[in-house]
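Below is one structure, written out as C-alpha cells; comments come after it.
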C-alpha cells in the first residue's frame, strides 16, 4: 500500500468533482475546491473520520469492497479504478469480473433521477446501486451476498423473490431471467461467474435446468409490467433500459403515466421512503 500516492490521488479526485457532478446541491460558498470530505464519505457509505485518515496518510489499508465504494463515489473511470486498487495494495479486478464497479456514464444519469425508481444492474442481475425510489419499491438489494446478489439466482432459489410479480407473470419472468443469463453466458464464457451461476442453478432448480436447455437468448426488459408492493398494492410501470457499450451493465428506469393512480402510488412510496430515512436519523 502506497499511503502517499493513495492520499494524494483521493484528494485530487475529490477536488476535481463539483456538487452538481454527483447530484448534490451547491450549498453555501465553498472555501475549498471540489467536494468536501464528508460528502465523499457519505457517497462511499463510510465514516468521515475513516475517509479523512486515508487522505492524511494514516488510515488502515482499505478493503476491496471499500475501494469499490470509493471508486463509485469519486466517479472513477476503469483506468482510474485500476490505479486506485494498485496503490492501495490490491489486485485490480479484471474488466469482466469487475461486478462492483459502476459505469460512470450510467451513474451520471442515475444521479439526476430522483423522482422515479432507477437502478444499475450487471448482466447477471446484480444491483450495483439504487436510488431511494428504487429502494422504496424493491427494498435494499445491498443486503445480499454471494450468488444471492443476482436477482436471477434469487428468482429460482427464494420463493419470496417472486412475490413482487403477479402469479400470472411468473412463467414469463422465469423465461426472461434465463434468457438474460444465456446472453451474459455467451458474452463471458463457461469459465466465468456467469458459468458458475448457471452450473449452480442447474443443480438447485429443475425449472431453471429445463428453461436453460431451451437455448432462448435475450438481453432486454419488458416494456411494461405490474409490480405488487406490500404497502401500496399493484403498480403498473413502464420500463426503459440503457446499456453500456459492452452490454455488461444496465440502467433500468421505471416510470408511471402522469396523473394516474400508479403515478400517485409512486409519489406515496417516495414519501414513505423519506419518512423512514428521517426516522432512522433521529
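Got a number for residues in the stretch 138-165 being more than 15 Å from the chain's Cα centre (by Cα), surrounded by 14 or more Cβ atoms within 10 Å (Cβ to Cβ) and not in a helix (DSSP H, G or I)?
Residues in the stretch 138-165 being more than 15 Å from the chain's Cα centre (by Cα), surrounded by 14 or more Cβ atoms within 10 Å (Cβ to Cβ) and not in a helix (DSSP H, G or I): 1 in total.
Tell me, which residue of the stretch 18-35 that is assigned to a loop (DSSP other than H, G, I, E, B) and out of contact with any helix residue (DSSP H, G or I) (no Cβ under 8 Å at 6 or more places or on another chain) is farthest from residue 111 (Cα to Cα)? If you could, list the steps in order and put the result at the bottom.
Of all residues in the stretch 18-35, those assigned to a loop (DSSP other than H, G, I, E, B) come to 18, 23-35.
In the following step, the residues that additionally are out of contact with any helix residue (DSSP H, G or I) (no Cβ under 8 Å at 6 or more places or on another chain) were identified as 18, 28-31.
Values: 18: 13, 28: 21, 29: 22, 30: 21, 31: 24 Å.
My answer is 31.
Any idea which residue in the stretch 194-237 is modelled with the lowest pLDDT, counting only those that are outside any strand (DSSP E or B) and in contact with a strand residue (DSSP E or B) (Cβ under 9 Å, 6 or more places away or on another chain)?
Across the stretch 194-237, the extreme among qualifying residues is 221.
Residue by residue, here is whether (1) assigned by TED's automatic domain parsing to the domain that holds residue 66; (2) surrounded by 13 or more Cβ atoms within 10 Å (Cβ to Cβ); (3) under 20 Å from residue 65 (Cβ atoms); (4) modelled with pLDDT of 80 or more holds:
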position: 13; (1), (2), (3), (4): yes, yes, yes, yes
position: 16; (1), (2), (3), (4): yes, yes, no, yes
position: 27; (1), (2), (3), (4): yes, no, no, no
position: 32; (1), (2), (3), (4): yes, no, no, no
position: 35; (1), (2), (3), (4): yes, yes, no, yes
position: 40; (1), (2), (3), (4): yes, yes, yes, yes
position: 43; (1), (2), (3), (4): yes, yes, yes, yes
position: 46; (1), (2), (3), (4): yes, yes, yes, yes
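Taking residue 73 and the conditions (1) at pLDDT below 90; (2) closer than 16 Å to residue 149 by Cα; (3) within 14 Å of the chain's Cα centre (by Cα), which numbered condition does it fall short on, given that it satisfies the others?
With respect to (1) at pLDDT below 90; (2) closer than 16 Å to residue 149 by Cα; (3) within 14 Å of the chain's Cα centre (by Cα), residue 73 is out only on (2).
Is at least one residue of the stretch 70-81 without any contact (Cβ under 8 Å) to a residue 24 or more places away in the chain and either in contact with a helix residue (DSSP H, G or I) (Cβ under 7 Å, 6 or more places away or on another chain) or in the same structural domain as residue 119 (by TED's automatic domain parsing) (or both)? Steps first, answer last, please.
The first filter runs over the stretch 70-81 and keeps only residues without any contact (Cβ under 8 Å) to a residue 24 or more places away in the chain, leaving 78-79, 81.
Next, only the ones that are either in contact with a helix residue (DSSP H, G or I) (Cβ under 7 Å, 6 or more places away or on another chain) or in the same structural domain as residue 119 (by TED's automatic domain parsing) (or both) stay: 81.
The answer is yes, given that some residue of the stretch 70-81 is without any contact (Cβ under 8 Å) to a residue 24 or more places away in the chain and either in contact with a helix residue (DSSP H, G or I) (Cβ under 7 Å, 6 or more places away or on another chain) or in the same structural domain as residue 119 (by TED's automatic domain parsing) (or both).
Is it the case that residue 127 is assigned to a loop (DSSP other than H, G, I, E, B) and touching a strand residue (DSSP E or B) at 6+ places or on another chain (Cβ under 8 Å)? Break it down into steps so the answer makes sense when it comes.
Details: assigned to a loop (DSSP other than H, G, I, E, B): no; touching a strand residue (DSSP E or B) at 6+ places or on another chain (Cβ under 8 Å): yes.
Against the criterion (assigned to a loop (DSSP other than H, G, I, E, B) and touching a strand residue (DSSP E or B) at 6+ places or on another chain (Cβ under 8 Å)), residue 127 does not qualify.
Would you call residue 187 outside any helix (DSSP H, G or I), surrounded by fewer than 18 Cβ atoms within 10 Å (Cβ to Cβ), assigned by TED's automatic domain parsing to the domain that holds residue 161 and touching a residue at least 60 places away in the same chain (Cβ under 8 Å)?
Working: outside any helix (DSSP H, G or I): no; surrounded by fewer than 18 Cβ atoms within 10 Å (Cβ to Cβ): yes; assigned by TED's automatic domain parsing to the domain that holds residue 161: yes; touching a residue at least 60 places away in the same chain (Cβ under 8 Å): yes.
So residue 187 does not fit the description; no.
The values are calculated or read from the model by the stated rules, or taken from the named source; none is laboratory data. Remember, it's a predicted structure, so these values are computed and weren't measured experimentally. Cβ sites come from the backbone with ideal geometry, for glycine too, and all protein chains shown count toward neighbours.
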